[in-house]
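Engineer: Right, I'll just put the structure down here and ask away after.
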Amino acid sequence: MSFFKKLKDRMLRSSSKIDEGLDAIIEKRAVDVALEPDPQPEAMPDPQPEAMPEPEPDAAPRPLAPQSHDLAPAPKPVPVPSVSPPVAEPAPAAKPGFLGRLVSRTVEPRRALDDEMLESLEDLLIAADMGVDTALRVTANMAEGRHGRMMSATDIKGLLAAEIARVMEPVARPLPIYPKKPQVVLVVGVNGSGKTTTIGKLASQFKAAGKTVVIAAGDTFRAAAVEQLQVWGQRAGVPVLTAPEGSDPAALAFDAMTRAEADGADLLMIDTAGRLQNRADLMEELAKIVRVIRKKDPDAPHNTILVLDATTGQNALSQVKTFQEMANVSGLVMTKLDGTAKGGVLVALADKFGLPIHAIGVGEQIDDLQPFDPEDFARAVVGLD
Ligand SMILES: Nc1nc2c(ncn2[C@@H]2O[C@H](COP(=O)(O)OP(=O)(O)OP(=O)(O)O)[C@@H](O)[C@H]2O)c(=O)[nH]1
């Protein structure tokens, strides 16, 4: 199965929500253009200098200021006014023949792109966790130069996917690898966001790429967390350094730096206890880990990855804000994108913070961590094949 197919299948709940919503928006005011046998250029929103009595049958529609990201196919020209009628009105003169009726069953319904449609679109994107600001920006960009155009659900999906991909493109960046040894990667996030699992998956990928990796089990508060990390270390074939339960995680991080240096390891990944972003004491403890490892290397940590659980939706935005203040986050991993209807929050995150998205988690197995591909993601979110 291709990666895209897998992603799309796994993001089914996100995509089907937007997918079905878009179909409903179009059908609400659809014009049955398929009954028109001889389509002509679409009516333009702005007035023409002179009335055009009889357009030539093959006259091309006026170009609509194409944009570089406009990947959607130009909608089929139709002889309807730019303001769509409230109900479908078949043309009285042209009675379709057998072939026409056959075609009408396969042509998608369309409606004019108007303010009402844009509002419905905004509501749909907000419901898919894109956030109000981002939803408004995305729909405004989609509408630019297209007011009054007749659109099918597929046209809208294409436009939406192109706009989402445009927002996501600058943030799709794999974890950068530096020549510095060891490269210290601090992994932070709230409880249960998927930090331990992500470290295991990343360690396995780096090991497979020929890197030597050491993991530090910095969650010294929960014995179960240390055991879980040890299991992941075994799966990935990577050593896991631990400290007695209740000991200072900053001290373990310092010892792990010493060991990784001595071993000549390429990467040191430091797990940390899950913390709520509103717990000042826990956040201060995180700052202490950073202070201590900087005694060994003033540039460490070289990466601070914030692991976010996609199912938390809009709360992810406040997590990024607080962790950025406390831990100088350099990149994100979004987990649990499989089976959530809240994938849209990634678009809001990219739009608002512009932090690199290094990878996405799409399952609980060791190979369920994928590089973030903006176009695949955009198509999966809107439900395009
Ligand atoms: N479906 C799915 N589950 C995931 C994914 N990533 C992690 N999980 C699951 O989420 C749960 C929590 O993951 P952990 O890795 O333990 O999270 P953590 O952030 O280390 O948790 P704490 O140590 O409690 O802070 C586990 O049951 C994981 O199997 C993912 O991408 N998809």
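The values are calculated or read from the model by the stated rules, or taken from the named source; none is laboratory data. Predicted model, so just to flag it, every value in this text is computed and none were measured. When we count neighbours, we look across all protein chains shown, and the Cβ atoms used for this are built from the backbone with ideal geometry, even at glycine. With ligands, DNA and RNA removed, areas are computed over all heavy atoms of the protein, side chains included. Shrake-Rupley method; radii C 1.70, N 1.55, O 1.52, S 1.80 Å.
Engineer: Could you say which residue among GLU325, GLU285, GLU261 is modelled with pLDDT under 90, more than 19 Å from VAL171 (Cβ to Cβ), outside any loop (DSSP other than H, G, I, E, B) and touching a strand residue (DSSP E or B) at 6+ places or on another chain (Cβ under 9 Å)? Reasoning before the result, please.
Structural biologist: Numbers: GLU325 fails: touching a strand residue (DSSP E or B) at 6+ places or on another chain (Cβ under 9 Å); GLU261 fails: modelled with pLDDT under 90.
That would be GLU285, the only listed residue that is modelled with pLDDT under 90, more than 19 Å from VAL171 (Cβ to Cβ), outside any loop (DSSP other than H, G, I, E, B) and touching a strand residue (DSSP E or B) at 6+ places or on another chain (Cβ under 9 Å).
Engineer: Out of the residues in region 207-252 meeting the condition of being more than 16 Å from the ligand (Cβ to nearest atom) and in a helix (DSSP H, G or I), tell me which one is nearest to GLY192 (Cα to Cα). Before you say what the answer is, go through the steps one by one.
Structural biologist: Here is the first cut: in region 207-252, the residues more than 16 Å from the ligand (Cβ to nearest atom) are 207-214, 237, 239, 241, 244, 247-248, 250-251.
After this cut, where a residue has to be in a helix (DSSP H, G or I) as well, the list is 207-208, 250-251.
On the way: LYS207: 25, ALA208: 26, ALA250: 21, ALA251: 23 Å.
Step by step, filter region 207-252, then rank; the result is ALA250.
Engineer: Looking at this structure, is ALA224 touching a residue at least 40 places away in the same chain (Cβ under 8 Å) and not hydroxyl-bearing (Ser, Thr, Tyr)?
Structural biologist: Working: touching a residue at least 40 places away in the same chain (Cβ under 8 Å): no; not hydroxyl-bearing (Ser, Thr, Tyr): yes.
No: the conditions fail for ALA224.
Engineer: Just need a number here: residues in region 216-248 that are within 15 Å of VAL184 (Cα to Cα) and more than 33 Å from the chain's Cα centre (by Cα).
Structural biologist: Qualifying residue count for the region: 1.
Engineer: Spot the failing condition for ARG275; the list is (1) in contact (Cβ under 8 Å) with a residue 40 or more places away in the chain; (2) touching a strand residue (DSSP E or B) at 6+ places or on another chain (Cβ under 7 Å), and only one is missed.
Structural biologist: Of everything listed in (1) in contact (Cβ under 8 Å) with a residue 40 or more places away in the chain; (2) touching a strand residue (DSSP E or B) at 6+ places or on another chain (Cβ under 7 Å), ARG275 misses just condition (2).
Engineer: Would region 331-338 turn up any residue that is surrounded by fewer than 24 Cβ atoms within 10 Å (Cβ to Cβ) and among the hydroxyl-bearing types (Ser, Thr, Tyr)?
Structural biologist: no
Engineer: Among (1) of a type in the set (Ser, Thr, Tyr); (2) open to solvent by less than 10 Å² (accessible area, probe 1.4 Å); (3) within 14 Å of the ligand (Cβ to nearest atom); (4) in contact with a strand residue (DSSP E or B) (Cβ under 8 Å, 6 or more places away or on another chain), where does SER152 come up short?
Structural biologist: Of the numbered conditions (1) of a type in the set (Ser, Thr, Tyr); (2) open to solvent by less than 10 Å² (accessible area, probe 1.4 Å); (3) within 14 Å of the ligand (Cβ to nearest atom); (4) in contact with a strand residue (DSSP E or B) (Cβ under 8 Å, 6 or more places away or on another chain), the odd one out for SER152 is (3).
Engineer: Take region 359-385 and flag every residue that is outside any helix (DSSP H, G or I), open to solvent by less than 20 Å² (accessible area, probe 1.4 Å) and within 15 Å of the ligand (Cβ to nearest atom).
Structural biologist: Filtering region 359-385 for residues outside any helix (DSSP H, G or I) gives 359-373, 383-385.
Now drop any that are not open to solvent by less than 20 Å² (accessible area, probe 1.4 Å), which leaves 359-363, 368-369, 372, 383.
Matches in region 359-385: ALA359, ILE360, GLY361, VAL362, GLY363, ASP368, LEU369, PHE372.
Engineer: Quick one: would you say LYS201 is charged (D, E, K, R), within 14 Å of the ligand (Cβ to nearest atom) and open to solvent by less than 10 Å² (accessible area, probe 1.4 Å)? Outline the logic, then answer.
Structural biologist: Numbers: charged (D, E, K, R): yes; within 14 Å of the ligand (Cβ to nearest atom): yes; open to solvent by less than 10 Å² (accessible area, probe 1.4 Å): yes.
It is true that LYS201 is charged (D, E, K, R), within 14 Å of the ligand (Cβ to nearest atom) and open to solvent by less than 10 Å² (accessible area, probe 1.4 Å).
Engineer: Looking at (1) in contact with a Gly (Cβ under 6 Å, 6 or more places away or on another chain); (2) closer than 14 Å to ALA128 by Cβ, which is the only condition LEU306 fails?
Structural biologist: (2)
Engineer: So, in region 311-326, of the ones that are surrounded by fewer than 23 Cβ atoms within 10 Å (Cβ to Cβ) and among the hydrophobic types (A, V, I, L, M, F, W, C), which residue ends up farthest from the ligand (Cβ to nearest atom)?
Structural biologist: Of the residues in region 311-326, the ones surrounded by fewer than 23 Cβ atoms within 10 Å (Cβ to Cβ) are 311-315, 317-318, 320-322, 324-326.
Applying the additional criterion that residues be among the hydrophobic types (A, V, I, L, M, F, W, C) yields 317, 320, 326.
Numbers: LEU317: 18, VAL320: 15, MET326: 16 Å.
Residue satisfying both the conditions and the ranking: LEU317.
Engineer: From the list LEU355, LEU308, exactly one residue is surrounded by fewer than 20 Cβ atoms within 10 Å (Cβ to Cβ), closer than 18 Å to PRO174 by Cβ and in contact with a helix residue (DSSP H, G or I) (Cβ under 7 Å, 6 or more places away or on another chain). Which is it?
Structural biologist: On the way: LEU308 fails: surrounded by fewer than 20 Cβ atoms within 10 Å (Cβ to Cβ).
Among LEU355, LEU308, only LEU355 is surrounded by fewer than 20 Cβ atoms within 10 Å (Cβ to Cβ), closer than 18 Å to PRO174 by Cβ and in contact with a helix residue (DSSP H, G or I) (Cβ under 7 Å, 6 or more places away or on another chain).
Engineer: All but one of (1) within 16 Å of GLU169 (Cβ to Cβ); (2) surrounded by fewer than 24 Cβ atoms within 10 Å (Cβ to Cβ); (3) more than 13 Å from the ligand (Cβ to nearest atom) hold for ALA348, so report the exception by its number.
Structural biologist: If we test ALA348 against (1) within 16 Å of GLU169 (Cβ to Cβ); (2) surrounded by fewer than 24 Cβ atoms within 10 Å (Cβ to Cβ); (3) more than 13 Å from the ligand (Cβ to nearest atom), just (2) comes out false.
Engineer: Something else now. Could you tell me which of the residues ASN191, ASN141 is within 16 Å of the ligand (Cβ to nearest atom), out of contact with any strand residue (DSSP E or B) (no Cβ under 8 Å at 6 or more places or on another chain) and not small (Gly, Ala, Ser)?
Structural biologist: On the way: ASN141 fails: within 16 Å of the ligand (Cβ to nearest atom).
Exactly one residue qualifies, and that residue is ASN191.
Engineer: When you go through (1) within 16 Å of the ligand (Cβ to nearest atom); (2) open to solvent by 20 Å² or more (accessible area, probe 1.4 Å); (3) not in a helix (DSSP H, G or I) one by one for LYS180, which number turns out not to apply?
Structural biologist: Every condition holds for LYS180 apart from (1).
Engineer: Any residue in region 23-36 that's open to solvent by less than 50 Å² (accessible area, probe 1.4 Å): show its pairings with residues that are polar (S, T, N, Q) and modelled with pLDDT under 70 at Cβ separation under 7 Å, as long as the two are six or more apart or on different chains.
Structural biologist: What qualifies is VAL31/SER84; ALA34/SER104; LEU35/SER104.
Engineer: Looking at this structure, is VAL188 open to solvent by less than 20 Å² (accessible area, probe 1.4 Å) and either in contact (Cβ under 8 Å) with a residue 12 or more places away in the chain or in contact with an Asp or Glu (Cβ under 6 Å, 6 or more places away or on another chain) (or both)?
Structural biologist: Numbers: open to solvent by less than 20 Å² (accessible area, probe 1.4 Å): yes; either in contact (Cβ under 8 Å) with a residue 12 or more places away in the chain or in contact with an Asp or Glu (Cβ under 6 Å, 6 or more places away or on another chain) (or both): yes.
When the stated conditions are applied, VAL188 passes them.
Engineer: Quick check on ILE215: is it of a type in the set (Val, Ile, Thr) and modelled with pLDDT of 95 or more? Explain how you work it out, then say what you get.
Structural biologist: Working: of a type in the set (Val, Ile, Thr): yes; modelled with pLDDT of 95 or more: yes.
The answer is yes for ILE215.
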